[in-house]
Every structure is written in structure tokens, then in C-alpha cells.
Amino acid sequence: MPTIGVSIAIPSPHAEMLQAKRASFGDPLAECIPTHVTLLPPTEVPEGELEAAVKHLEEVAAQGHPFPMVLRGTGTFRPTSPVVFVQVSGGIADCELLEKAVRQGPLDRRLDFNYHPHVTVAHHVPDPNLDRAFTELSGFECAFEVEEFHLYEHGDDGVWRPVRSFALGG
């Protein structure tokens, strides 16, 4: 059964810089996970239901619209979860609406935590590395237009790969 995810890809050159930083903090998944804002966390979808999921994502994208996103500063989920992230400071409401629409119909699922759009930069690394990530990226800022989101599939090798993009607004 394939495991999929749906995310907003962070564009170049910001994506590569944040991925390199994630690797520098010792995050073992840095090279396996493209830099992104999650809309649907890892979800198993039976083979026969993948086509319906793709059709659903096409409909969500067609009803959506491009929007500006600003990433600024850092945050953390500690002590609940050993994660440091770059904060979404512009485009939060648009992400929330998009996430809610994606997580309907064939992709309806319960979340372990309330949705909070963010870009993970350190996960499951020692506390000093989390502290370093929090401090080193505290001044990070970038802005870009979100014009699409992507369907990703988790490969047998542990790498997340984009399978298809969905243009907002059709």
C-alpha cells in the first residue's frame, strides 16, 4: 500500500539552503525529505483508491487560488515533539484552508496534532542541535508566491519524491 503526502514545496534557492542547514544539524532525514509545508501528513492509500485521491486533489486545486507565503524566524514543538521549524508568518490562513480541503473525501483522516503550517529544519536530533537550529535560523526570512502543491510518494528507499503537481486555480 503506497504512503503518500501532500505538501507545498519551498522554491529554490531557499529549499536547498534549508535542506543543507537541516543536514548540518545532524537530521538523518535531511536528504530524504524535500523542503516543504505539509498539507497532508504521511497517509497510506490502498492502490485502488489512489486514482480517487488524485481526482480529489485536482478538484481542491481547481477551487484554490495562488497566495503569497512568508517564512520568518523559528519555532519549536518542544517539549511535546523534538522539532525546530521555520515559521510560516504569511499565508497561514490560506494553508489552513488548503489543508482542510485536502483532508476531505478519500483523504479524510484524523490528525495526531492540530494543524500548524511550518517548515521542519531539525527533528529527532540531540537538544544542543535543536538549540543551534533554533538560533541559527532565527533571522531567516523569505517570501514567494504559492502557485501549486504536490503529491509525494514515500519510496521503499525512504525518500519522498514528488509524483504530481496541482496548479492552484486549475
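Every read-out reported here was derived from the displayed coordinates using simple, explicitly stated rules and does not represent laboratory data. Because the structure is predicted, anything quoted here is derived from the model rather than measured. Because the Cβ atoms are built from the backbone with ideal geometry, glycine has one as well, and the counts that use them run over all protein chains shown.
To the nearest 10 degrees, how steep is helix 92-102 against the longest Cα principal axis of the chain, on a 0 to 90 scale? For helix 92-102, the angle is close to 40 degrees.
Hey, what D do you get for the chain in µm²/s if you plug the Kirkwood alpha-carbon radius into Stokes-Einstein at 25 °C and 0.890 mPa s? My calculation gives 150 µm²/s for D. With a Förster radius of 35 Å applied to the C-beta separation of Ala20 and Ala62, the computed FRET efficiency comes to 0.50.
Close amide H partners of Ser89, meaning residues 5 or more places away or on another chain with modelled amide H under 5 Å apart, are Val70, Leu71, Arg72. Once both labels are positioned 7 Å from their Cα atoms along Cα-to-Cβ, the gap between Asp112 and Glu51 label points is 3.3 nm.
With angles folded into 0 to 90 degrees, how steeply does helix 14-24 sit against the dominant principal axis of the chain? Use alpha carbons for both and round to 10. So the helix axis and the longest Cα principal axis differ by about 50 degrees.
Once the Cβ-Cβ distance of Glu44 and Phe77 is raised to the sixth power relative to R0 = 30 Å, the FRET efficiency obtained is 0.80. GNM, the chain, Cα, under 10 Å: largest mean-square fluctuation among Thr80, Thr43, Thr120? Between Thr80, Thr43, Thr120, it is Thr80 that shows the largest mean-square fluctuation. Result for the chain in a Gaussian network model with C-alpha springs under 10 Å: among Ala52, Ala133, Ala30, the largest mean-square fluctuation is at Ala52.
Springs between Cα atoms under 10 Å define the GNM used for the chain, and in it the highest mean-square fluctuation of Val125, Val60, Val37 occurs at Val125.
With a sphere of radius 13 Å drawn around the Cβ of Ile4, what net charge do the other residues whose Cβ falls strictly inside it have (Lys, Arg +1; Asp, Glu -1)? After counting each charged neighbour, the total is -1.
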